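The values are calculated or read from the model by the stated rules, or taken from the named source; none is laboratory data. All values reported here derive from a predicted model rather than from experimental measurement. All Cβ positions, even for glycine, are placed from backbone atoms using ideal geometry, and neighbour counts span all protein chains on display. Each accessible area value is taken on the protein alone, full model and side chains, heavy atoms only, with ligands, DNA and RNA left out. Shrake-Rupley method; radii C 1.70, N 1.55, O 1.52, S 1.80 Å.
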Amino acid sequence: SQQAAWGRRAGSGRTGVPGALQGEPALTMAPSRPLARLSLLLVGLATEAAAAPAGARKRKSADEKKVPMPHHSFISPMEYSSLLDDWTVSGASIFERNRLLLHPGVPQLAGFAFNKWPILTADFEVLFHFRVAGERETTKVPKDQAIAFWYVAENVSSTYNETISIKAADWGAGLKSQGMTFAGAKATFDGFGVVLSLGGAGKKPSVSFVTNDGKRAMSMDVDVPSAKSKEMDFRNTLNAAQFKLRVTNNKIEGHIKQSPSLAWNECFAVENPVKSGGYIGFTAWSGTGSPDAVTSDLVSIVEVEVSNYDETVIGEEMKDVSMQIQEAYRQMLTDENRHFVDQKSQTEHLQRLLSMLSEHLATSKPEDDRMLAEIHGLTSRVDALGADCKMLQTEAHLLLGKDGVHSQSDGVTAMKQEIMGLRRALVKDTATQRQKLEAVHKNIAEVKTQHSKASSGMTFSVLAKQTDTLEKTVSSRGTQMSWMMFFMIVSVAGIGFLMYSRMYYYEKKHFI
C-alpha cells in the first residue's frame, strides 16, 4: 500500500529521478521496492548520459528536481512494522493505520517520533499534514502545550532513554531529568526547529522558528513565540492542515495552510546556514493540567513527505543496496561524471550502469522470491475469503430471500425446515451409531471376561491336573499294550508250534 501510494504521488506531474529531462514522462518510485528505485535512478542517469550537453538543455524547474526520500517519509495507509525500521516512537505516540498519533487529548503526556537516519543533503523540503482537535476556546486548554518539528545534528533516536521517563513519577518529570523541557525536546539542541504553540490561556495558536547552537537552554515562556513567528489558527480544521519547510544551504522558509484548497501563508523566511547530516523528528507536549484547563488537544501527523532538491548528492542512505553500489551511484551524480562530450564516454557510462543493475538483480532475487511466496499466500487467503463470502451470501439469501420477493418469515420457515431435516438425519445416524457402539462394548466385555478367566490360577491348576491324569492314562495304556503284544506273540508262537507238530506227525505217518 505504501508502494502504491508513493507510486501515485511520484507520478502526479513530476519526476522522482535526478537527471530526467524536462518534458519526459514522470517516473514512479516506491520505498518498498529497492530494485525499482535503483532502476529508475540509473535510468535517469542513462537518459542524461544520452542527452545533449548541459548548455543545450533547458533549465529544469524546481519540481522536476524533487526526489522523494521514502525512508524519511510516510503516507497512509501505514505499516508500523516497516516504519519502525526508520522511526523511533516513544511516549504517547503510536503509528496507526491512517496516522501517527503524537498524543491523545490528555494532559501530562509527551509525543516523540524521530528518524533514525541522517539527511545527506542541505537542499531539501519537508511537507507534513497534521491535525489538532480539541476545545474551541483556547482558555480551556493548557497554555504550554505545543508541537515541534526538528532538524538537529544529534541522533536523538539513539540517545533518548525511554526507561528514565517510564520510571519517573510522570512524563513531565522524566523528560525534565533528560533536559527535554522545550516542547517535549531538548532545550539545548544544535540545529533549528518549528514550534507550533497551540494557544491556551487566551493566546492564539502561532508558528515560531527557533534555532540554537547547543549552548543555551531555551524555554517555552521566553522563546515562544519567537521573533520569526506568525499567528495562525490551525486547530479544529475541517481537513488536515499542512506545513511546508523549504531548506537550502543558507535559507530556511516556512509556509502553512489550513486546507489543501487554500493558499500558502508564509510564516518565516530566514537566512541561516544549514549543514547536511542532520536528523529530523517530531515532539509534542500535551501541557500541564490545571483546574481551569484540564482538556488537552489531540495531535496527529497524517502524512510526511521529505524530498531532495540537490541532484548532485543522494538525499538519504540507500539501505536496500550494497555500499559498492551506493558509492558508484554517488560518483555518477557528481558534475564531472554527468556530462559527456562523445559517444565513447557515454558508452562507458552506460556499461557501468548495466553492471550495477546486474549486480543488484543478483542480490535482490532472494527478496523478490520471498515476496512472490507471500503474494501466493495472500492469494490463497483471498480465495478462502471468497468462499466464506459465498457462504455468507447463501445464508443471507436463505434468511432474506434471493430475489427480494419472499418475506423474511418465508426464509425463516425454510431455514427451520432445513434444520429439522438435519436434526432427523442426525438422530437417525445417532441411533445407528449407538447400536454399533453398544455391540462393540459387549464384545469387548466378553473378550475381557474370557481373558480374565484364562489368566486366573484356577485355570492353570485344572490344566495341570488334567495333564497328570493324561500322563497316567497314557502310561497305563502303554503297559497294557505291551503285555497284550507279548501274549499275542506267545499265542502265535504256540499255535505255530502245534501246527508244525501236527504236520510233522502226518508226514511221518504217510511216508512210513
Which of the residues that make up segment 129-146 are open to solvent by 10 Å² or more (accessible area, probe 1.4 Å) and either of a type in the set (Asp, Glu) or closer than 17 Å to Gly281 by Cα (or both)? His129, Arg131, Glu135, Glu137, Asp144
Residue count for segment 242-271, restricted to those that are touching a strand residue (DSSP E or B) at 6+ places or on another chain (Cβ under 8 Å) and in a loop (DSSP other than H, G, I, E, B): 6
Tell me which of these Thr121 doesn't satisfy, since it passes every other one: (1) part of a loop (DSSP other than H, G, I, E, B); (2) under 21 Å from Ser73 (Cβ atoms); (3) open to solvent by 20 Å² or more (accessible area, probe 1.4 Å); (4) touching a strand residue (DSSP E or B) at 6+ places or on another chain (Cβ under 6 Å). (3)
Out of segment 212-241, which residues are crowded, with 16+ Cβ neighbours inside 10 Å, outside any loop (DSSP other than H, G, I, E, B), out of contact with any His (no Cβ under 9 Å at 6 or more places or on another chain) and of a type outside the set (Asp, Glu)? Asn212, Met220, Ser229, Lys230
Taking segment 187-198 as the region of interest, how many residues are part of a loop (DSSP other than H, G, I, E, B) and surrounded by 24 or more Cβ atoms within 10 Å (Cβ to Cβ)? 2
Mind counting the residues in segment 266-305 that are of a type in the set (A, V, I, L, M), open to solvent by less than 10 Å² (accessible area, probe 1.4 Å) and within 21 Å of Ile94 (Cβ to Cβ)? 5
Restricted to segment 354-365, and to residues that are in contact (Cβ under 8 Å) with a residue 60 or more places away in the chain and surrounded by 15 or more Cβ atoms within 10 Å (Cβ to Cβ), which residue is nearest to the chain's Cα centre (by Cα)? Ser364
Given the conditions (1) under 15 Å from Tyr279 (Cβ atoms); (2) under 31 Å from the mean Cα position of the chain (by Cα); (3) open to solvent by less than 20 Å² (accessible area, probe 1.4 Å), which single one is not true for Ser165? (1)
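Residue by residue, here is whether (1) at pLDDT 80 or above; (2) open to solvent by 70 Å² or more (accessible area, probe 1.4 Å) holds:
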residue	(1), (2)
Glu367	yes, yes
Arg370	yes, yes
Glu395	no, yes
Ala425	yes, no
Arg434	yes, yes
Ala439	yes, no
Lys442	yes, yes
Ala445	yes, no
